[in-house]
Structure formats: structure tokens, C-alpha cells
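See structure below.
The values are calculated or read from the model by the stated rules, or taken from the named source; none is laboratory data. In this text the structure is predicted, and so the values were computed from the model without any measurement. Note that we place each Cβ from the backbone using ideal geometry, even for glycine, and neighbour counts take in every protein chain shown.
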Amino acid sequence: MNEHTSSKRLFIALPIPSAVNHSLDKYCRQLDEHYESSRIRYTPVNNRHLTLAFLGQLGPTQVIDATEVVQRIQHTPIHLKLTVIERFPDAQSRIITALPEPSNPLSALHLQLQQALEQRGFPGTTRPFRPHVTLARMKYNNEHLTIALNPPIDMMVSEVILYESQRIDTSNTYIPREQTVLNEPTP
């Protein structure tokens with residue numbers, strides 16, 4: 001078997017709890033009502049996540065390294081508050097996302113993960129970390145889009161997952177390959 005056929009497309013992310021997904025679905029229905037003329041393609045509920053690191057196509061050795069990085073994460077659970085739905089990364093984008101309030105614990109987890117990946121030889125990123133949950137992609141609509149989440153959607157994140165992205169039929173499916181539970185530090 002050659003390197004290409006045994007490679008995997010991987011990323012590290014925070015899963016979205018089912019109660020949060022249920023709350024986000026309510027806002028997706030609002031999008032349907034408000035943007036009927038638009039062609040909106042929603043992210044399947046089981047594919048929603050908040051990406052911490054996109055790793056890309058990895059060979060077997062890199063997959064082992066990424067797995068070990070995820071296994072060694074030590075961090076407390078993170079409380080996030082989703083506050084707005086808007087286009088991402090800018091107002092002209094076709095990507096519709098739910099955005100959390102700034103979170104120092106989330107930024108610290110991202111930094112810890114980036115440093116661990118760089119120590120394993122993964123390239124560093126030059127782009128700033130902009131956490132978001134992709135809800136949909138919209139075509140043919142130039143209207144301004146901002147929906148305040150009122151009340152904000154609170155979520156507690158207690159695990160980090162290494163996902164594999166597999167193309168099945170015409171869409172991507174995200175398969176958990178490794179998971180680490182975030183716990184309070186032991187004294």
C-alpha cells in the first residue's frame with residue numbers, strides 16, 4: 001500500500017453538544033424563513049464542530065503523531081457562549097456560522113494544541129484563531145446577515161476529538177478517530 005492510499009484527511013475540533021445543536025436548529029429554521037430565495041446548504045448536525053487545528057492529508061506516521069497530541073491534551077472543560085450568527089470570515093462570505101464570545105480558556109487550549117503540534121513537526125499557522133461553528137453555505141444572496149442569539153447559547157465543552165474527513169457520495173462525513181476528555185486538574 002502506498003502513502004497516498006493510506007493517508008487520511010484529519011482535523012482536531014471540539015464537538016457540539018446535542019442540546020446546543022438543537023438550539024442552533026431553531027436559528028437555521030429562521031434562516032429558511034428569512035432567506036427563502038437563497039439556496040442554503042446546511043451542515044449536517046453530526047458534522048458541526050469548532051475547529052482547533054486543520055491538519056490536512058496525513059501519512060501513517062503523521063496520523064500517529066496527531067493521535068498522540070490529542071491523547072496528551074490536558075485542559076479543563078471550557079464554557080463557551082454562542083452569541084451571533086453571521087457570515088464568516090467577512091460580510092460577503094457564503095459561509096454562515098455561529099460565533100462564540102471571546103474566551104481566554106479556548107484561546108489557551110488552541111495555543112497549547114498548536115505548540116504540541118509544532119513540537120511534532122506539524123507546520124505552524126500564521127492565521128489568527130477565529131473560532132466558529134459552520135452552520136450552512138449560502139448561494140446567490142448579497143443581503144446583510146446578522147442574527148443575534150437571544151438568549152446566547154451556552155455550551156460546556158468537555159472533549160477534544162481528532163476527526164477524519166471522508167468523502168462519501170457527494171458530501172463529507174467526519175469520523176471521530178481519537179478523543180480526549182477535558183478534566184479539572186488533579187491536585
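Quick look at the numbers
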| item | result |
| --- | --- |
| Candidate set: the stretch 17-56, residues that are more than 25 Å from T67 (Cβ to Cβ) and part of a strand (DSSP E or B); chosen: the one modelled with the lowest pLDDT | R39 |
| Those residues of the stretch 17-48 which are in contact with a Lys or Arg (Cβ under 9 Å, 6 or more places away or on another chain) and hydrophobic (A, V, I, L, M, F, W, C), in sequence order | V20, L24, I40 |
| Criterion: touching a residue at least 60 places away in the same chain (Cβ under 8 Å) and either β-branched (V, I, T) or under 21 Å from R177 (Cβ atoms) (or both) - qualifying residue of T61, T76 | T76 |
| Of the criteria (1) surrounded by fewer than 18 Cβ atoms within 10 Å (Cβ to Cβ); (2) touching a residue at least 60 places away in the same chain (Cβ under 8 Å); (3) not aromatic (F, W, Y), which one V20 fails | (1) |
| Test: E68 is among the acidic types (D, E), touching a residue at least 24 places away in the same chain (Cβ under 8 Å) and in a strand (DSSP E or B) | no |
| Cβ pairs under 9 Å, 6+ apart, first in the stretch 142-165 and exposed (fewer than 11 other Cβ atoms within 10 Å of the Cβ), second modelled with pLDDT under 95 and of a type in the set (K, R) | H144/R87; T146/R87 |
| Condition check for Q62: farther than 25 Å from L162 by Cβ and of a type outside the set (V, I, T) | no |
| Qualifying residue in the stretch 139-150 (condition: under 20 Å from S18 (Cα atoms) and among the basic types (K, R)) | no |
| Selection within the stretch 59-88 - under 18 Å from R41 (Cβ atoms) and either loosely packed, with under 15 Cβ neighbours inside 10 Å or not hydrophobic (A, V, I, L, M, F, W, C) (or both) | E86, R87 |
| Residue count for the stretch 134-180, restricted to those that are outside any strand (DSSP E or B) and more than 25 Å from T67 (Cβ to Cβ) | 8 |
| Only listed residue being assigned to a strand (DSSP E or B), more than 20 Å from R137 (Cα to Cα), hydrophobic (A, V, I, L, M, F, W, C) and touching a Lys or Arg at 6+ places or on another chain (Cβ under 9 Å), chosen from L10, L14, L80, L99 | L10 |
| Residues satisfying the stated conditions in the stretch 89-128, i.e. at pLDDT 95 or above, within 29 Å of I147 (Cβ to Cβ) and exposed (fewer than 14 other Cβ atoms within 10 Å of the Cβ) | E101, P102, N104, S107, A108 |
| Subset tally (residues that are over 12 Å from V69 (Cβ atoms) and polar (S, T, N, Q)) for the stretch 109-133 | 2 |
| Any chance A53 is closer than 20 Å to P17 by Cβ, of a type in the set (G, A, S) and surrounded by 13 or more Cβ atoms within 10 Å (Cβ to Cβ) | no |
| L106 vs. criteria in contact with a Leu (Cβ under 9 Å, 6 or more places away or on another chain) and closer than 19 Å to V69 by Cβ | yes |
